Amino acid sequence: MFHDISPAILERMAYMEAVDARDRLDGTPTAYRLRQIPPETGRFLALLAASSPRGAVLEIGTSGGYSSLWLALACRQRGDRLITFEAAANKVSLAQETFRLAQVQDLVQVVQGDATQLLPRYSAVAFCFIDIEKDTYRPSYDLLLPILVRGGIFCADNAISHARELAPFLEYVASDTRVDSLVVPVGKGVLVCRKV
């Protein structure tokens, strides 16, 4: 999976990494940044998604499509397609450009809208990654867990960098007997839950 990443994907990843680094260095306000995961988190998520049971692969919070590219690698290996949700129209356009330039349109479907309104349309989810506004983590988790297959994996970014803000959610998940969970110190911290 990591040994045969196409030049088109690598080129788009490099471009997005450079934009993200520039925006952080320039102090671009958070609302206008891509707010993407670091490469090591992308690799970690791709490994988890590729190892998930059969079922749908979802992402909540597409942004510019950087994390989607990593998940697309897993989907290619799985013979699946990533469904990624993004509410902001400008980010949907940017993500579509990313998928076109990286030549992965056949592996990714972008759905514009609020994931909490759209998740009830789906079933048999094997993997889901969430990286959006932190107050939507709990509602998204509550909607997703009933449709997550046994052995399915739910991942949430920023579990360490936003630990204070996410504390009630992290405590809720830790006490949820429907999942086994762990915060992994990769990137900004990834909460990993596996449905039992």
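The values are calculated or read from the model by the stated rules, or taken from the named source; none is laboratory data. Everything quoted here is computed from the prediction, not taken from an experiment. We place every Cβ from the backbone using ideal geometry, glycine too, and count neighbours over all the protein chains shown.
Looking at (1) touching a helix residue (DSSP H, G or I) at 6+ places or on another chain (Cβ under 6 Å); (2) at pLDDT 95 or above; (3) of a type in the set (A, V, I, L, M, F, W, C); (4) crowded, with 17+ Cβ neighbours inside 10 Å, which is the one condition that is false for LEU101?
LEU101 satisfies all of (1) touching a helix residue (DSSP H, G or I) at 6+ places or on another chain (Cβ under 6 Å); (2) at pLDDT 95 or above; (3) of a type in the set (A, V, I, L, M, F, W, C); (4) crowded, with 17+ Cβ neighbours inside 10 Å except (4).
Taking the stated definitions as given, is GLN112 over 19 Å from ILE5 (Cβ atoms), free of Cβ contacts under 8 Å to residues at least 12 places away in the same chain and surrounded by fewer than 22 Cβ atoms within 10 Å (Cβ to Cβ)?
On the way: over 19 Å from ILE5 (Cβ atoms): yes; free of Cβ contacts under 8 Å to residues at least 12 places away in the same chain: no; surrounded by fewer than 22 Cβ atoms within 10 Å (Cβ to Cβ): yes.
Considered against the rule, which asks whether it is over 19 Å from ILE5 (Cβ atoms), free of Cβ contacts under 8 Å to residues at least 12 places away in the same chain and surrounded by fewer than 22 Cβ atoms within 10 Å (Cβ to Cβ), GLN112 comes out as no.
Give the residue that is surrounded by the fewest Cβ atoms within 10 Å (Cβ to Cβ), with candidates limited to residues of the range 137-177 that are of a type in the set (Gly, Ala, Ser) and touching a Ser or Thr at 6+ places or on another chain (Cβ under 7 Å).
Going residue by residue through the range 137-177, those that are of a type in the set (Gly, Ala, Ser) are 140, 151-152, 156, 159, 161, 163, 167, 174-175.
Checking the rest, the ones that are also touching a Ser or Thr at 6+ places or on another chain (Cβ under 7 Å) come to 140, 152, 174.
On the way: SER140: 22, GLY152: 23, ALA174: 14.
Step by step, filter the range 137-177, then rank; the result is ALA174.
Let's see how each residue does on (1) under 19 Å from VAL57 (Cβ atoms); (2) of a type in the set (Asp, Glu); (3) over 13 Å from the mean Cα position of the chain (by Cα):
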{"position": "THR98", "(1), (2), (3)": "yes, no, yes"}
{"position": "LEU118", "(1), (2), (3)": "yes, no, yes"}
{"position": "ARG121", "(1), (2), (3)": "yes, no, yes"}
{"position": "ALA124", "(1), (2), (3)": "yes, no, yes"}
{"position": "ILE130", "(1), (2), (3)": "yes, no, no"}
{"position": "GLU133", "(1), (2), (3)": "no, yes, no"}
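Given the conditions (1) at pLDDT below 95; (2) loosely packed, with under 15 Cβ neighbours inside 10 Å, and given that ILE132 satisfies all but one, which numbered condition is not satisfied?
For ILE132, the exception is condition (2).
Which count do you get for residues in the range 140-196 that are touching a Lys or Arg at 6+ places or on another chain (Cβ under 8 Å), over 23 Å from SER67 (Cα atoms) and of a type in the set (Ser, Thr, Tyr)?
Here is the first cut: in the range 140-196, the residues touching a Lys or Arg at 6+ places or on another chain (Cβ under 8 Å) are 145, 148-154, 157-162, 165-166, 168-169, 172, 178-181, 195-196.
After this cut, where a residue has to be over 23 Å from SER67 (Cα atoms) as well, the list is 150, 168, 172, 178-180, 196.
Next, only the ones that are of a type in the set (Ser, Thr, Tyr) stay: 172.
Counting residues in the range 140-196 that are touching a Lys or Arg at 6+ places or on another chain (Cβ under 8 Å), over 23 Å from SER67 (Cα atoms) and of a type in the set (Ser, Thr, Tyr) gives 1.
In this structure, is ASP4 modelled with pLDDT under 90 and surrounded by fewer than 21 Cβ atoms within 10 Å (Cβ to Cβ)?
On the way: modelled with pLDDT under 90: no; surrounded by fewer than 21 Cβ atoms within 10 Å (Cβ to Cβ): yes.
Taking the combined requirement at face value, the residue does not satisfy it.
Is it the case that the range 144-154 has a residue that's in a helix (DSSP H, G or I) and either polar (S, T, N, Q) or under 21 Å from GLY189 (Cβ atoms) (or both)? First the steps, then the outcome.
Quick first cut of the range 144-154, residues in a helix (DSSP H, G or I) only: 144-147.
Among the residues that remain, those that are also either polar (S, T, N, Q) or under 21 Å from GLY189 (Cβ atoms) (or both) are: 144-145.
Yes.
Which fully enclosed helices (runs of 4 or more DSSP H) of the range 21-130 have 2 or more residues being among the hydroxyl-bearing types (Ser, Thr, Tyr)? Step through it out loud before you land on a result.
Working: elements: 39-51, 66-78, 89-101, 115-118.
Helices (runs of 4 or more DSSP H) meeting the threshold: 39-51, 66-78, 89-101.
Could we say that PRO139 is more than 17 Å from LEU45 (Cα to Cα) and at pLDDT 95 or above here? Step through it out loud before you land on a result.
Values: more than 17 Å from LEU45 (Cα to Cα): yes; at pLDDT 95 or above: yes.
So PRO139 passes the test.
Condition check: buried (at least 24 other Cβ atoms within 10 Å of the Cβ), closer than 20 Å to GLU11 by Cβ and in contact with an Asp or Glu (Cβ under 6 Å, 6 or more places away or on another chain). Does THR62 satisfy that? Give the derivation first.
Details: buried (at least 24 other Cβ atoms within 10 Å of the Cβ): yes; closer than 20 Å to GLU11 by Cβ: yes; in contact with an Asp or Glu (Cβ under 6 Å, 6 or more places away or on another chain): yes.
When the stated conditions are applied, THR62 passes them.
Given the criterion hydrophobic (A, V, I, L, M, F, W, C), touching a Ser or Thr at 6+ places or on another chain (Cβ under 6 Å) and on the phi < 0 side of the Ramachandran plot, identify the matching residue among PHE44, PHE127, PHE99, PHE85. So that I can check it myself, show each step before the final result.
Details: PHE44 fails: touching a Ser or Thr at 6+ places or on another chain (Cβ under 6 Å); PHE99 fails: touching a Ser or Thr at 6+ places or on another chain (Cβ under 6 Å); PHE85 fails: touching a Ser or Thr at 6+ places or on another chain (Cβ under 6 Å).
Only one candidate qualifies: PHE127.
When the range 51-67 is examined, which residues are found to be touching a helix residue (DSSP H, G or I) at 6+ places or on another chain (Cβ under 7 Å), under 19 Å from LEU191 (Cβ atoms) and small (Gly, Ala, Ser)?
If the condition is that a residue be touching a helix residue (DSSP H, G or I) at 6+ places or on another chain (Cβ under 7 Å), under 19 Å from LEU191 (Cβ atoms) and small (Gly, Ala, Ser), then SER63, SER67 are the ones that fit.
Only one of (1) free of Cβ contacts under 8 Å to residues at least 60 places away in the same chain; (2) hydrophobic (A, V, I, L, M, F, W, C); (3) in contact with a Ser or Thr (Cβ under 7 Å, 6 or more places away or on another chain); (4) more than 21 Å from SER123 (Cα to Cα) fails for ILE37. Which number is that?
Exception for ILE37: condition (1).
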